[in-house]
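Working notes for the structure below.
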């Protein structure tokens, strides 16, 4: 998704773009996502600023002819609920901080929760409504952004695996070697998501992107019974945590197509693709607590993906001072769909040598110590997953 | 050693068709405690599907072949159940087999070849409650289901799978209508046509896209299976007796009707597998039984992490999968009919009985079954090469033809995903179009989507072998030991 | 030559019972599935799709395709080819998702 957005903004900025992926469009984490465009789960700081910028840009793209429908864009808002007074106080405090950073956050009294979400469980302490939260269908979003980029002149090379980052004698990037031939360009954007660390390594630099596994349950198609993205306040704490152990907090949302999506689990288990019934059980338990009517609704399938996790939960965006011509746009953890537009826009700005709209210092790719901590090194060694795509994009 | 049943090693057999029954009898006969878990009300699977008891059929064999084999399986199962060696759980719909780490320490000694499994099954038609059967070993004998490729009109009521027509006839003693056309390709079409005709339906045509004369190229293999040749001749004679016309190298181009099937258009095929212009002919009918071969049920195996061999579960000489403690037999390992399933089930049962008691099975125990297995696999490889859908079937699928029946995805959307949106594999086509995301999870449209998209039909992973209510999923299951 | 499947197997069914399909009373033989019961009454479709509202009935006949979904005694999305018919069942055509608000 981030590669597609980067290609789109770069080509619209007048650059010549080749988009290279070892798999098909959206073959990596994008195709395994829920398509969240969220501000609600972000604390004030650089990521929230990026989310606010991205939200505006998503709305702009969705306003282009046919796009909102094609990508199932819904500005439906998010509702965060707390089960007890203590959780509610924490949630209110969190929302206060967000408001001062420019987020719309509307406190919802317990008596009003059912006006917003009629099927929500009884007895919740209250919640906060975030009207700026939105959703897209991520695979469609990536495919249609690629379609728009191609319409503007970008070329697409799917099934091309990058095997080498080509460098000049002076060390600057001059393109990539792929399984199907060389692509020459004075700038290479690493938008390989969870596999961004591998691509960085091909250029001789370290970037600590680690996989954080998540499962999503999908129900049978239903009429619109869950109107917004609804989740429990402890989700925010889980997102921000550094734990490798399994965490689940209920995140429930309806989709334009009918099924309800149920998340969210987080665990750092490398690229283990095996299904876990205990995780599915925990997700189902959390969702049925929030929405009791779901008890009788069928789960039809489950899928998993690997979020590109970085130790400080911030993506790497911008030029890599260690390798002239190398740019990074990866490591967005679970927010890559939402943050894709802002990331693509900022990357296009720096590629075109304009001042970026946001300060990129917090996203500097070389902000981590050169030698990863031993625990992280161990996980990095597991980063071998030949089937998954990389999404580097070449810009010349 | 004690003879207490509860102390014996415990095998869960999933599926009570020929393979599952043969394995159950072989393993139970050698001291293994067996729980046979099956979704139907009575044993038999699809091949030996029995009329419901309440229907009082006094001559059910009129709808069956190899009836004596069935009697032997049925009586053997009854004897083991009476002796307490086998528990038969009917109306149990398995949705997941979970491999758990062995912490109890109570299982038999052969920990390197067995595991601790929980077989999760939904109960009865309501499917609102789930139980877990714990076992030391699992045999997957989940059989297969029919493949059908789309054509205009195939979603009309009255169009159904050939196997579906047969199942409704065998189990419910009902016919879908009065005048049927049986069409597609494969060895199932003749018995279905004969079954419908003998039960009183008018079979207006049998339409087979392959040319069975192609069998002549495999004279050596055929010569080794005189029984199969005789079976084919018997069906041909039965068809003639019922005045059923067989059209080989023909295909159904479209089904017609408003609200239900009224007629089909049938046409001849040329050497390249294309419809021969000008040969189209309309045949009035209220039933079209159609099939293009069979596919193995592999969901449980896939979720357990078992390796595949082509479309089926990969097994070794003893029918072991590559996951310790998990065996597979019958059509889940590849399509090959009831007799092959019996041989594989028998071998699996013997292997399991030995392995659960920390012994290596002696190949001489199952030499004759292994010989039958080798011969039948060779025979069905020939069957597979002879029977094929028309090579250019996708040309007949108009843009507005619904391909994914559940999500109502037309062929145009699949073509657009490939041509305009950069899809090059079935997973991406699915994500972009919703084809395969509905109730059946792509079991019906999978081969068609791959064919239309021009990519390989890679199996999609289905962690739940059938839909599970979230309330059931959320609860810890009740245990059956 | 037999003129029906029941004749072919010399069936002597137990006493028939009735159920209703969309308020119409139909007669059923014991042991038959809902799909078999509806077929016997000449009914071949009992669901309309949630997209275009097309009629559907039995397709695979063995519980795999979920095309024959129907509402039985208020319970939605039941596979007619698997669920046995019981005396007094109230069976209704299922429209779309089967869930209505």
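Tabulated data for the structure shown
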read-out	value
Helix-only CD estimate at 222 nm, as mean residue ellipticity for chain A, using -39500 (n - 2.57) per DSSP H run (n ≥ 4)	-9000 deg cm²/dmol
Whole-number D in µm²/s for the protein assembly as shown (Stokes-Einstein; Kirkwood sum over Cα pairs; 4 °C, 1.567 mPa s)	43 µm²/s
Shape of segment B:199-268, Cα gyration tensor, a/c cut at 1.5	oblate
Average other protein chain Cβ within 10 Å of Cβ, residues C:36-48	3
Rough spin-label spacing in nm, given labels placed 7 Å along Cα→Cβ, for residue B:262 and residue B:282	0.8 nm
Segment C:5-88: relative contact order in percent, alpha carbon pairs under 8 Å with at least 6 residues between	27 percent
Three-way shape call for segment C:5-88 based on the alpha-carbon gyration tensor, with the a/c threshold at 1.5	prolate
Tilt relative to chain A, helix A:336-351 - C-alpha long axis, 0 to 90 degrees, to 10	30 degrees
Spatial separation of Cα centroids for segment B:221-270 and segment B:324-377, in angstrom	33 Å
Residues B:379, A:293 arranged by fewest to most Cβ contacts within 10 Å	A:293, B:379
Proxy reagent accessibility, fewest Cβ within 10 Å first, across A:177, B:4	B:4, A:177
Number of partner chain Cβ atoms within 10 Å, mean per residue of C:6-18	6
Acute angle (nearest 10 degrees) that the helix A:85-100 long axis makes with the longest principal axis of chain A, alpha-carbon atoms	40 degrees
GNM flexibility winner over chain A from A:235, A:309, A:119 (Cα, springs under 10 Å)	A:119
Separation in nanometres of the label points that stand 7 Å from Cα toward Cβ, at residue C:73 and residue B:213	5.8 nm
Rounded to 10°, Cα long-axis angle of helix B:18-28 versus longest principal axis of chain B	10 degrees
Theoretical ellipticity at 222 nm over chain B - DSSP helices of four or more residues, -39500 (n - 2.57) apiece, nearest 500	-9000 deg cm²/dmol
Choice from A:257, A:169, A:26 with maximal GNM fluctuation in chain A (Cα, 10 Å cutoff)	A:169
Candidates A:358, A:145, A:283, ranked by Gaussian network fluctuation over chain A, Cα under 10 Å, top entry	A:358
Computed over chain B: relative contact order in percent, which uses C-alpha pairs under 8 Å that are six or more apart	19 percent
Separation between Cα centres of segment B:284-323 and segment A:8-25, rounded to whole Å	40 Å
Ascending count of other beta-carbon atoms within 10 Å, so fewest first, for A:144, B:80, B:242	B:242, B:80, A:144
Overall form of segment B:148-292 per C-alpha gyration tensor (a/c, 1.5; a/b vs b/c)	oblate
Alpha-carbon centroids, segment A:112-129 and segment A:146-181: separation in whole Å	49 Å
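Any read-out appearing in this document is the output of simple, stated calculations on the displayed coordinates, not a laboratory observation. None of the values given here were measured: they were computed from a predicted structure. Here Cβ is always computed from backbone atoms with ideal geometry, including for glycine, and neighbour counts include all displayed protein chains.
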